[in-house]
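The values are calculated or read from the model by the stated rules, or taken from the named source; none is laboratory data. As the structure is a prediction and not an experimental result, all values here were calculated from the model. We place every Cβ from the backbone using ideal geometry, glycine too, and count neighbours over all the protein chains shown. Heads up: the accessible areas ignore ligands, DNA and RNA and are worked out on the full protein's heavy atoms, side chains in. Shrake-Rupley method; radii C 1.70, N 1.55, O 1.52, S 1.80 Å.
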Amino acid sequence: MIHPVRWQGDHVSLIDQTRLPVAEVWIRCDTWQEVAAAIRHMQVRGAPAIGAAAAMGMALAARPIAADSTLNPLDALLAAQQGLAATRPTAVNLFWALERMTRRAVAAGSSGSDWATVLTEEACLIHDEDVAMCRAIGDFGAGLLPAGARILTHCNAGALATAGYGTALGVVRSAHAQGKVSLVYVDETRPWMQGARLTAWELRQEGIEHRLIADNMAGHFLHRGAIDCVIVGADRIAANGDVANKIGTYSVAVLAKENGIPFFVAAPSSTLDLSLTTGDGIPIEERSEDEVTHLAGHRIAPEGTRAMNPAFDVTPARYVSAIITEAGVMRPPYEASLATVAGARLKATT
Ligand code: MRU
């Protein structure tokens with residue numbers, strides 16, 4: 001199983017997800033600016049993976065060799081925090097990781113500890129904790145699935161989207177290990193094709209039976225009774241259980257409810273944003289029109305055609321059958337159940 005974000009002692013390695021599945025190319029980042037560019041250009045993507053990469057970007061910024069002589073060390077760290085925070089707006093794991101790193105830097109500063117060492121340790125901890133959370137999510141989620149489960153997933157919420165193992169695909173991995181998975185339907189996920197390029201790549205590597213479908217086929221299979229449940233990841237979950245995830249998730253959730261199919265969201269506590277009462281406050285990233293008018297660099301629409309490209313949508317909580325977290329399976333009312341997840345997290349970190 002792949003770990004797409006790696007601390008290498010003095011630099012960060014990232015598998016370039018824009019090149020998969022055609023080529024497995026690792027990129028080297030020696031500075032936080034290079035990490036920020038990799039996040040912005042989707043070379044590293046998926047909410048928890050972005051968080052882990054940003055944390056490592058902060059650790060790079062704290063290295064004496066990275067010291068910017070025009071800034072004092074604290075200002076240099078704050079510049080890194082702000083630069084990394086400006087990369088992508090929707091996945092809250094990014095801001096969660098940056099806040100955690102900043103808190104750690106401030107605490108280390110007042111105790112006179114060496115920032116580079118402390119922030120490297122913290123970034124590696126964020127990475128390792130994410131893998132552990134994904135494994136727990138996988139195990140809790142597997143318990144929800146029937147024997148011989150036929151699962152639909154959207155986008156890529158796999159090892160590539162996390163520090164390792166995956167959230168939605170973590171559930172698939174754990175259920176597969178228990179012999180419970182008969183087939184995974186993989187939405188191709190226009191416009192970036194995370195399903196076709198990344199989820200299919202991971203499932204092939206794991207030897208898990210799957211079929212790639214165009215996004216507009218999901219309703220057909222849900223209506224025909226070919227799918228037992230939908231499992232997706234999340235980029236930000238509000239206190240009431242509204243879920244922001246890859247564009248197209250909302251349509252799948254509505255189709256699932258219409259056809260009486262459970263719709264599960266798998267996400268670690270670092271994806272919760274309980275400061276937002278509903279999903280209305282979640283910032284939705286708008287990306288370039290070219291990503292819609294072109295496919296793999298080739299124009300598919302007439303010259304001059306304007307397009308719209310929101311990268312995420314918000315699925316209202318009423319469509320979400322359960323949210324699978326590292327603390328267990330949360331059910332409605334989410335205001336109460338998600339608060340217990342946040343509480344358990346707080347207890348574990350204090
Ligand atoms: O634009 P992306 O590829 O970063 O979007 C990723 C998703 O929407 C994933 O479903 C989400 O981050 C969950 S990752 C475990």
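See the values below:
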read-out	value
Relative intensity, log₁₀ I(q)/I(0), of the chain from a Debye sum that treats every alpha carbon as a point, q = 0.11 Å⁻¹	-0.69
Farthest toward positive dipole pole in the chain [+1 Lys/Arg, -1 Asp/Glu at C-beta], among GLN178, ALA200, ALA322	GLN178
Residue-normalised accessible area of the chain, expressed per residue, 1.4 Å probe, Å²	41 Å²
Cα-centred dipole magnitude for segment 38-191, charges only on beta-carbon of K, R (+1) and D, E (-1), debye, nearest 20	460 debye
With Cα atoms, 0 to 90° folded angle of helix 249-258 axis to the chain main axis	30 degrees
Nearest-20 debye value, the chain charge dipole, Cβ charges on Lys, Arg, Asp, Glu	660 debye
Segment LEU274-GLN205, extension gain: residue separation times 0.36 nm, minus the distance between their alpha carbons	21.3 nm
Inter-label distance, nm, simple model (7 Å from Cα along the C-beta direction), SER182/MET1	2.5 nm
Charge-dipole axis of segment 5-134 as Lys and Arg at +1 and Asp and Glu at -1 on Cβ define it, positive-most pick from MET101, ILE126, ALA85	ALA85
Acute angle (nearest 10 degrees) that the helix 73-85 long axis makes with the longest principal axis of the chain, alpha-carbon atoms	20 degrees
Proximal charge balance of VAL314 [Cβ under 13 Å; K/R count +1, D/E count -1]	-3
Value in Å of the Kirkwood radius, where segment 244-342 supplies the Cα pairs that are averaged	15.5 Å
Contact order relative to length of segment 145-348, as percent, for alpha carbon pairs under 8 angstrom and 6 or more apart	20 percent
Calculated FRET efficiency for the pair ALA132/MET217, C-beta based, R₀ 41 Å, to 0.05	0.70
Separation in nanometres of the label points that stand 7 Å from Cα toward Cβ, at ARG40 and HIS294	1.7 nm
Rounded FRET efficiency, nearest 0.05, which uses the C-beta distance separating LYS347 from LEU78 and R0 of 35 Å	0.75
For ALA37, net neighbour charge (Lys/Arg +1, Asp/Glu -1) across residues whose Cβ lies under 14 Å away	+1
Formal net charge of residues neighbouring LEU145 (Cβ-Cβ distance under 11 Å; K, R +1; D, E -1)	+1
Share of carbon and sulfur in the accessible heavy-atom surface of the chain [1.4 Å probe, %]	55 percent
Calculated over segment 5-134: convex hull of Cα atoms, volume per residue (Å³)	99 Å³
Dipole-positive endmost among ASN72, ALA161, LEU212 within the chain (Cβ charges, Cα centre)	LEU212
Average Cα contact separation per residue, the chain, under 8 Å, 6 or more apart, as relative contact order %	16 percent
Under DSSP loop assignment and at most 12 Cβ neighbours within 10 Å, longest GluC sites (Glu not before Pro)-free interval of the chain	25-208
0 to 90° range, to nearest 10: angle between helix 47-61 axis and the chain longest Cα axis	10 degrees
